[in-house]
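*Asks:* So that we are looking at the same thing, I have put the structure below in structure tokens.
The values are calculated or read from the model by the stated rules, or taken from the named source; none is laboratory data. These figures come from a predicted structure and were not determined experimentally. Virtual Cβ from ideal backbone geometry, glycine too; neighbours counted across all protein chains shown.
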Amino acid sequence: MKLVSRTLIIACGLGVALLAGFVAYKARSLAHELTDPPFYKPQPLSRVEATYRELAAGSQGDPGGTWSSEEVSGLQLWHLRRARPSRGIALLLHGFGDDRWGTSPALRVFPDLDAAIFTYLRRDDALRRGGPAPLITFGARESDNVVAIVHHLEAQGTPRRRIIMMGRSLGASVGLLALAKLEAEGKGPLGGIIWEGAPASSRDFGERVVRGPKDLFWHPILAPLIGELGSRIAANRGSYDRQETDLQTILAHRRLATPGLCFLATQDRLASVPAQRAFVAAFERIEVIEADTWHLHCAEVLGPVYPEAIRRSTANWLP
């Protein structure tokens with residue numbers, strides 16, 4: 001009997017140790033993915049330059065323009081100016097594990113606007129040089145980058161009412177966090193913001209990454225724990241406060257004067273529908289277009305409705 005009890009105790013102890021090891025491994029892996037996504041590889045500059053030449057030449061109803069670049073607060077801002085005077089500037093914000101190259105083709109949906117684009121924290125340049133790259137802070141520092149760029153565009157003569165931001169995935173979260181900071185300055189609204197699939201916070205996104213595309217038997221118990229631990233480790237690695245990424249808390253009780261257009265992906269498991277509806281509620285004026293898909297796929301699912309909605313909105317926002 002004693003032998004059976006001892007065996008049972010050893011087996012339970014081993015099971016607990018294995019479970020703890022699994023949770024610790026998953027949390028550490030999640031933290032590294034949140035701060036330095038292993039799937040992100042910056043494109044060679046030759047390919048980036050070829051894409052920018054193609055965009056400057058114009059195609060698919062886009063008139064193209066002329067590129068220039070300048071240093072802004074340690075960032076490299078790329079600016080596409082149209083041949084004809086435009087009504088404003090579209091500031092394009094890239095998503096998680098992406099950079100200025102990946103999001104640059106989105107400027108085609110703004111044929112009558114100039115475009116501005118940059119990489120948060122200048123991570124792409126650091127990685128191309130082979131050195132350590134700044135860690136992703138899930139919007140905490142990235143949103144400050146956006147605020148600095150908007151201030152620069154204003155200083156160059158573009159009123160903030162002529163600046164439109166567009167972001168998908170983490171770019172949507174970064175844009176909304178930056179918008180809250182900009183409106184808190186008391187200098188009026190921006191021209192507008194277009195967003196799709198904004199993660200609610202680093203913790204929420206971490207849990208949803210663990211859950212993946214389908215539910216498993218252990219998710220209800222372990223996914224919240226792993227998301228909590230992983231996001232804590234990520235915040236410690238990136239030296240930021242997780243509360244700085246919590247959009248639901250930051251936008252609670254806010255009334256944003258900037259008009260918005262939200263593409264709401266109704267099947268999304270990474271950026272929940274309830275969270276998106278909570279963000280929508282913070283706007284005084286916003287249009288919501290639903291798509292039966294995950295975020296990042298709204299454009300292909302909606303087809304021509306997607307660019308038409310963007311152009312209709314910008315025409316209303318920037319008369």
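*Asks:* Taking the options THR137, THR119, THR158, name whichever one is touching a Pro at 6+ places or on another chain (Cβ under 9 Å), among the polar types (S, T, N, Q) and at pLDDT 95 or above.
*Replies:* Exactly one residue qualifies, and that residue is THR119.
*Asks:* Name the residue that is modelled with the lowest pLDDT, counting only residues in segment 201-239 that are surrounded by fewer than 22 Cβ atoms within 10 Å (Cβ to Cβ) and among the basic types (Lys, Arg).
*Replies:* LYS214
Residue-by-condition table, conditions (1) farther than 24 Å from ASP112 by Cα; (2) aliphatic (A, V, I, L, M):
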{"site": "ALA133", "(1), (2)": "yes, yes"}
{"site": "THR137", "(1), (2)": "yes, no"}
{"site": "GLU142", "(1), (2)": "yes, no"}
{"site": "ILE149", "(1), (2)": "no, yes"}
{"site": "THR158", "(1), (2)": "no, no"}
{"site": "MET165", "(1), (2)": "no, yes"}
{"site": "ARG168", "(1), (2)": "no, no"}
{"site": "GLY171", "(1), (2)": "no, no"}
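*Asks:* Mind listing whichever residues of segment 263-277 are touching a residue at least 24 places away in the same chain (Cβ under 8 Å), within 15 Å of ALA198 (Cβ to Cβ) and not hydrophobic (A, V, I, L, M, F, W, C)?
*Replies:* Once the filter is applied, which keeps residues that are touching a residue at least 24 places away in the same chain (Cβ under 8 Å), within 15 Å of ALA198 (Cβ to Cβ) and not hydrophobic (A, V, I, L, M, F, W, C), segment 263-277 yields THR266, ASP268, ARG269, SER272, GLN276.
The rows are residues; the columns are (1) at negative phi; (2) in contact with a helix residue (DSSP H, G or I) (Cβ under 8 Å, 6 or more places away or on another chain); (3) surrounded by 18 or more Cβ atoms within 10 Å (Cβ to Cβ); (4) of a type in the set (Lys, Arg).
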| site | (1), (2), (3), (4) |
| --- | --- |
| LEU251 | yes, yes, yes, no |
| ALA257 | yes, yes, no, no |
| VAL301 | yes, no, no, no |
| ARG312 | yes, no, no, yes |
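*Asks:* Let me ask something else about it. From ALA178, ALA184, grab the single residue that is closer than 16 Å to LEU256 by Cα, free of Cβ contacts under 8 Å to residues at least 24 places away in the same chain and of a type in the set (A, V, I, L, M, F, W, C).
*Replies:* ALA184
*Asks:* Specify the residue that is nearest to GLY95 (Cα to Cα); the eligible residues are those in segment 47-83 that are among the hydroxyl-bearing types (Ser, Thr, Tyr) and at pLDDT below 95.
*Replies:* Per the stated criteria, the residue is SER73.
*Asks:* If you don't mind, there's one more thing I want to ask. Any idea which residue in segment 240-254 is modelled with the lowest pLDDT, counting only those that are part of a loop (DSSP other than H, G, I, E, B) and of a type in the set (D, E, K, R)?
*Replies:* ARG254
*Asks:* It is to be established whether one or more residues within segment 122-144 are under 15 Å from LEU91 (Cβ atoms), among the aromatic types (Phe, Trp, Tyr) and under 19 Å from the mean Cα position of the chain (by Cα).
*Replies:* Among the residues of segment 122-144, not one is under 15 Å from LEU91 (Cβ atoms), among the aromatic types (Phe, Trp, Tyr) and under 19 Å from the mean Cα position of the chain (by Cα), which makes the answer no.
*Asks:* I would also like to ask the following. Here are some conditions: (1) closer than 25 Å to THR103 by Cα; (2) in contact (Cβ under 8 Å) with a residue 60 or more places away in the chain. VAL280 meets all but one. Which one does it not meet?
*Replies:* (2)
*Asks:* Now a separate question. Checking the conditions here, which among LEU121, LEU113 is surrounded by 20 or more Cβ atoms within 10 Å (Cβ to Cβ), touching a Gly at 6+ places or on another chain (Cβ under 9 Å) and closer than 21 Å to SER69 by Cβ?
*Replies:* Within the list LEU121, LEU113, the selection yields LEU113.
*Asks:* Please go through (1) modelled with pLDDT of 95 or more; (2) under 28 Å from PHE22 (Cβ atoms) for GLY260 and return the number of the only condition it doesn't satisfy.
*Replies:* (2)
*Asks:* Looking at segment 159-168, can you tell me whether even one residue there is surrounded by fewer than 24 Cβ atoms within 10 Å (Cβ to Cβ), over 30 Å from LEU225 (Cα atoms) and either without any contact (Cβ under 8 Å) to a residue 12 or more places away in the chain or of a type outside the set (D, E, K, R) (or both)?
*Replies:* yes
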